[in-house]
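Asker: Questions regarding the structure given below will be posed in turn.
Only the coordinates and a few stated rules stand behind these numbers; no lab work does. All of these numbers come straight from a predicted model, not from anything done at the bench. Cβ: placed from backbone, ideal geometry, glycine included. Neighbour counts: every protein chain shown.
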Amino acid sequence: MTKVDFKKIMISKHYRSISAIFLAGFGMWVTAGLWHNLILPIFFPANHASHEGILIGLLAYMLLAGVMVYLYPFYAKNENNILKGFVFGMIIGFLWVFPHGLALAGTHDTSILYEVKNGIYHLFEQGIGGMVVSLVLNKTLKN
């Protein structure tokens with residue numbers, strides 16, 4: 001019978017969690033930057049690249065990734081895989097963006113169609129973050 005080193009397991013889980021936060025947060029931030037600053041202006045020239053608040057945006061994505069890393073084990077249990085991570089990220093993306101967007105549409109007279117399109121985009125963006133979380137936490141969930 002082998003001795004289980006709980007201290008080593010806990011350190012491994014913490015390193016994986018911290019790594020998942022940084023990698024998923026950075027991945028979502030880069031995805032957002034590519035979309036909003038490079039791709040979207042090609043199709044909608046009125047949308048120009050803006051870089052003010054770029055570090056606050058990074059902080060926001062790190063906080064979002066922290067929430068995702070905390071919640072993911074409850075969602076995945078022992079069935080962790082990339083598709084499950086993507087779907088988890090899509091759920092988080094919907095919850096993070098869409099209700100707030102609808103509130104803005106109602107109170108600031110923004111287009112509901114725009115908010116729906118933005119919500120669909122965030123399904124993809126946070127889906128990427130969910131995939132990263134699932135990949136990094138894969139072995140942690142099995143311990």
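Asker: Can you give the angle from 0 to 90° between the axis of helix 112-142 and the longest principal axis of the chain, with both taken from C-alpha atoms, to the nearest 10?
Answerer: 10
Asker: Work out the length of the dipole vector of the chain about its Cα centre, built from +1 on the beta-carbon of each Lys and Arg and -1 on the beta-carbon of each Asp and Glu, and round it to the nearest 20 debye.
Answerer: Values: 10 positive and 6 negative charges, 197 e Å.
Dipole size: approximately 940 debye.
Asker: Ok, one more. Across the chain, how many lysine pairs separated by 8 or more positions, or lying on different chains, have Cα atoms within less than 19 Å?
Answerer: Eligible lysine pairs with Cα atoms under 19 Å apart amount to 14.
Asker: For every helix of n ≥ 4 consecutive DSSP H residues, a contribution of -39,500 (n - 2.57) applies; sum these over the chain, divide by its total residues, and give [θ] at 222 nm rounded to the nearest 500 deg cm²/dmol.
Answerer: -27500 deg cm²/dmol
Asker: Jot down the per residue volume, in cubic angstrom and as a whole number, of the convex hull over the alpha-carbon atoms of region 6-142.
Answerer: It comes to 111 Å³ per residue, whole-number rounded.
Asker: For the chain, take the longest principal axis of its alpha carbons; what is the angle in degrees between that and the long axis of helix 6-33, to the nearest 10 within 0 to 90?
Answerer: Value to nearest ten degrees: 20.
Asker: Can you tell me the 0 to 90 degree angle between the C-alpha axis of helix 54-76 and the longest principal axis of the chain, rounded to 10?
Answerer: For 54-76 against the chain, the angle is about 50 degrees.
Asker: Listing 23, 55 from the residue with the fewest other Cβ atoms within 10 Å to the one with the most, what is the order?
Answerer: 55, 23
Asker: Here's another thing I want to ask about it. What ranking, highest mean first, results for peptides 66-76, 86-96, 124-134 when packing means the other Cβ atoms within 10 Å averaged over each residue?
Answerer: Details: 66-76: 17.9, 86-96: 20.5, 124-134: 25.0.
Result, highest mean first: 124-134, 86-96, 66-76.
Asker: Now, a different point. Using 0.36 nm per residue, how much length does the chain from residue 40 to residue 71 gain when fully extended, once their Cα-Cα distance is taken away? Kindly include the intermediate steps, with their values, before the conclusion.
Answerer: Working: separation 31, 0.36 × 31 = 11.16 nm, distance 3.09 nm.
Result for the pair: 8.1 nm of gain on full extension.
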